[in-house]
Each structure stands twice: as C-alpha cells, then as structure tokens.
Amino acid sequence: MSAGAIPPPPDSIPVPEAVRWVVRTLEEAGYETWTVGGAVRDALAGRPSGDWDLATRAPPEEVRRIFRRTVPVGIEHGTVGVLARDGTMYEVTTFRRDVETTGRHAVVAFAETLLEDLERRDFTVNAVAWHPLRKELFDPHRGAEDLRRRVLRTVGDPSERFAEDYLRVLRALRFAGRYELDIDPETWSALKAATPHLGVLSPERVREELWKVLEGDASPARALELYRVSGALREVAPELSAVAGGEEVGTPAWRSTLSVVERISQRRPALRLTALLGDLGAPPIREEDPPLPHDPGPAGSPRRLRGMMRSAALLTRLRHSNATIARISALVGAGPDLPRLDAADSDVRRWLARVGPGRVPDLVRWAAARSRVEDGSGPSPTEVAGAVRRLRGELASGVALDVGSLALSGRDLIRMGLKPGPHFGTILDALLERVLEEPEANVKDRLEPWALELARESEGG
C-alpha cells in the first residue's frame, strides 16, 4: 500500500466500469493510474459523483498510443480524452508539478509521482485519489477527514496557494457553500487578504465561478453570503455589493434577495441571476451612472430603469453573451411585481404590453419565489395565483399588446393619404393605448378615424 493510503470500506466509492477499464489498461501497460478530482471528493462527501477524471504516470503520447480512440483535449497540459466503448470521454492527465505561478496561470511540468500531483492542488478535499482496482484511498493531506469534520483547508500554506491562482478565493467560497464547510481560520485570513487581488482575474473566470454557484448549488445562499463577508463581492461585483452592504452586516434587502434566489430552481441559473440583480436600481444615483434614456423600454420606473442599466453594465463587464445580457437586464427592468388582484383589466393589459408576453413565465416564477419568502417582502401565494389567472385570461383572448398586432399598420396610414414620418410611431402608440383600454376597438373601421384625428392634432402641434 502506498504511503498515505487509507483503506476505506471496500465499496465506499463505486466507480463506473468504463473508468475501471481505463485504469486497468494503463496499469497493464506499466503506468500507475488513479481517479482524482471532483468525482472522488463528491463520493467521499456522500454526493452523486459526476465526471470522472484520472491522473497517470503515462505521458500523453503513451496514452494516445495505448488507446485506439482518443481526443487531444489539452495535450499541451498533459490531458488526453479517452473514449470508452459507449462513447463517454474520460480525461486522463499526466502527473504534474508546478514550476512557476503568477496568480493567474501556472507553468507546470510532468511529474513522476501521484504525491507531487496532489501537492499542487488547491484544497485538501480536492487532493484525494482513489484506486478503483485496489480499492485504495491516497490522502496525504487528510482531505477525507476534513470532509468528515466539514472543514475547508488549503494544501500547504494558504497565502502561497491563493497567490498562485487568485481564482482559488472564489473556488473556496463555492466549495464552502456547496459542501457546508467551515473555512479553516488560517485559510480564511489568507483568503480575505487575497480578495483585493481578484481584479487580476479575467472576467470570464469570475463569470464561470459565479455561474457554477447558481447552477451547481441547490442552496447557493451560503456561498453568495460568503462572497459578501469575505469582501470578494466588493471586488468582482461592486454594483451588487452596494445592495448587499458591507462585510460586517448585510442589508435586509440582501437577505431577502438570497432567500428568493434559494427558492428558484437551480435548473434556471439565469433566473437566479436575475433575482440576484433585481434590486440594483435601489441604491442612490451615483456619478458613474449614465443618464436615463427618454425611452424606458420595458422598465416601468426610474428605479427599474436604473436596475436594468446597472445589470446590463455588470453582465457586460463579466462577458456574458449578448442574449443573456438582453434577457436578464430586461427582466430586471420589468421587475418581479405582477398586476395587483384589484387592478383594472386595462391595467393588466398595459402591464403585459410593457413587459412583453415572452417574459411572463420568468416573471411569474420570480414572483412565486418571492411569495415563499417569509419576511413579508413579496406577494402572497394567493396574490400570485390570482394574477396568473388574469394574465392567462388576457393572453388567451388574443388582445393586441404591441403596435404590430394592431389592425392598422403604417402602410394603412400611407394608404389613407398620410405622409410617412416619425409621427407614425406616435399615432400607432396612441392607437395601441386605446386598444388596451378597449380591445374590441382593434378593427380598421374604428382605428382609421382615430388615426386621422391624431394626424390632424400632430399637424396642428
């Protein structure tokens, strides 16, 4: 048995047969091979294991020679994808050791031993290897024990580990939240000292870490709260930090926001992010805020419009896709408030026209999540259910909710003898407002005289 190996119960880490085949094939060729990474950690934590990664003494060219079907997924870093018989790909990486680190990227070299490979990893819970053939656990840094104790520690000196790659600060917050771990005091102190350096990270790496919290955690509130108390939120999302409050005490709005995020399915990470950014319009106007445009789009108030613009700025800085930026910022601008139960039918239609029918499902889910928060900041479940019934009724009626659905178009205005110009938009908007008040008026015979009257008023003005 290798030094540092602790034999757990024989069947404590079930490994897919295809993974065992990869290990067996490499070892029969004379190359020591272990399963490593998140799948081992998750199995030890009693969670379903995901992707299985392997570490081996075999150099990448040998891995490609031994297996018939491979993919050079990161061959310059020693990683080769091995395709199993069922087509599943498993990443096999040659043992590595750090040669030089910069806080963003490490220069690595191939190593001879598994111990060297594990010593370059970030946290003890990630520096554990399992041999599926010998049923042997290699745990030189007591990561399995830390999982049992619910403690997160770095491998070696915490300050050095974070300085090697400042992304480890955000990874620590994610792991501590997901696995409900208490961060070791020495590790926590070094983590807080490292947060001012998060600016060296690329926006893409920050975005991916935050997305993993929202998509990968059934309960992301703990990790998000750690972002605040560690000071990381101030560095990576200052707009959100203004809502959340300082490191000492979070605001009531922040606590309510985290409760709402918790109640949105992790299968909808974009909607979770929407709820997280939902109060960005609340802080006072700042010098760096751009002036509000004259056309508010889907936003219904200056506060909502500020929230929409600030969320778009944050998402743009973190390099989200244009589609994601447009979707989330528009939802933030629309806001989570559904029409009141006592609202007039015309006001329900105006709400639909303002937010757009396509956004209704997400807004309903957001409102439903707020209704399950016990602090009284959201609507009641009865109010949400009543609003949904009314919205469904209006949508089913086929009422016109935009100028494109009017029975009268710009071409019709030309046919009526009106000269095209910017006033056409004004006329059609006014006609839509009348139709929202009286849906039965959406017929040409009624719209045409109104359009002519509006045109005369425009000329007179």
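Given a 1.4 angstrom probe, I'd like the percentage of the accessible area of the chain that is carbon and sulfur, rounded to a whole number.
Taking all protein chains in place, the chain shows 50 percent carbon and sulfur surface.
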Taking amide H positions as placed in the peptide plane 1.01 Å from N, state which residues far from E136 in sequence (5 or more) or on other chains have amide H under 5 Å from it. H131
In nm, the gap between the two label points placed 7 Å beyond Cα toward Cβ at D375 and E136 is 5.3 nm
Let me know the Rg and Dmax you get for region 115-173 when you use only its Cα atoms, in Å. 12.0, 37
Could you tell me the convex hull volume per residue, in Å³, taken over the Cα atoms of region 81-240? 143 Å³
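Roughly how large, in nm² to one decimal, is the mean projection of the convex hull of the alpha-carbon atoms in region 348-422? Working shown, then result.
Values: hull surface 26.2 nm².
Its average projected convex-hull area is 6.6 nm².
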Under a crude label model (7 Å from the Cα following the beta-carbon direction), how far is E204 from E160 in nanometres? 3.0 nm
Rounded to two decimals, what is the ratio between the C-alpha radius of gyration of region 386-429 and 2.2 N^0.38 Å? 1.59
If region 332-461 were replaced by its equivalent ellipsoid, with semi-axes equal to the square roots of 5 times the Cα gyration tensor eigenvalues, what would those be, largest first, whole Å? 36, 14, 11
Please give the FRET efficiency for V71 paired with R434, using the beta carbon to beta carbon distance and R0 = 60 Å, rounded to the nearest 0.05. 0.45
Between D345 and A323, what FRET efficiency follows from the Cβ-Cβ distance if R0 is 45 Å, with the result rounded to 0.05? 0.85
Residue by residue through region 168-176, which ³J(HN,Hα) values in whole Hz follow from phi under the Karplus form 6.51 cos²θ - 1.76 cosθ + 1.60 (θ = phi - 60°), with glycine and proline marked x? 4, 4, 6, 5, 4, 5, 5, 5, 4
For a quick protection proxy, order the peptides 139-147, 330-338 by their average other-Cβ count within 10 Å, most packed first. 330-338, 139-147
Taking each pair of distinct Cα atoms in the chain once, what is the resulting Kirkwood hydrodynamic radius in Å? 25.9 Å
Relative to the longest principal Cα axis of the chain, at what angle does helix 345-355 sit, 0 to 90 degrees, rounded to 10? 50 degrees
Heads up, region 176-270 by the C-alpha gyration tensor (a ≥ b ≥ c square roots of eigenvalues; a/c under 1.5 rounded, else a/b over b/c prolate, else oblate) looks rounded
Kindly provide the helix-only [θ] at 222 nm of the chain, computed as the sum of -39,500 (n - 2.57) over DSSP H runs of four or more divided by all residues, to the nearest 500 deg cm²/dmol? -15000 deg cm²/dmol
Would you please classify the overall shape of region 13-121 from the alpha carbon gyration tensor, given that a ≥ b ≥ c denote the square roots of the eigenvalues, rounded means a/c under 1.5, and beyond that prolate means a/b larger than b/c while oblate covers the rest? oblate
For region 327-342, Karplus-derived ³J(HN,Hα) couplings (6.51, -1.76, 1.60; θ = phi - 60°; whole Hz; x for glycine and proline) come out as 5, 6, 5, 5, 5, 4, x, 5, x, x, 7, 7, x, 5, 4, 8
Estimated FRET transfer efficiency (S265, E453; beta-carbon r; R0 35 Å; 0.05): 0.10
Quick calc: nm separation of the 7 Å Cα→Cβ label points for T382 and W21 -> 6.0 nm
Cα-centred dipole magnitude for region 175-261, charges only on beta-carbon of K, R (+1) and D, E (-1), debye, nearest 20: 180 debye
Per residue, accessible area of the chain with a 1.4 Å probe, heavy atoms of protein chains only, in Å², comes to 47 Å²
Spatially proximal lysines relative to K419 (Cα-Cα < 30 Å; intrachain offsets below 8 disregarded): K444
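The values are calculated or read from the model by the stated rules, or taken from the named source; none is laboratory data. Treat the numbers as computed from the prediction; the structure is a model and nothing was measured. For neighbour counting, all protein chains shown are included, and Cβ atoms are generated from backbone atoms with ideal geometry for every residue, glycine included. In case anyone asks, the SASA skips ligands and DNA or RNA and just uses the protein heavy atoms, side chains included. Shrake-Rupley method; radii C 1.70, N 1.55, O 1.52, S 1.80 Å.
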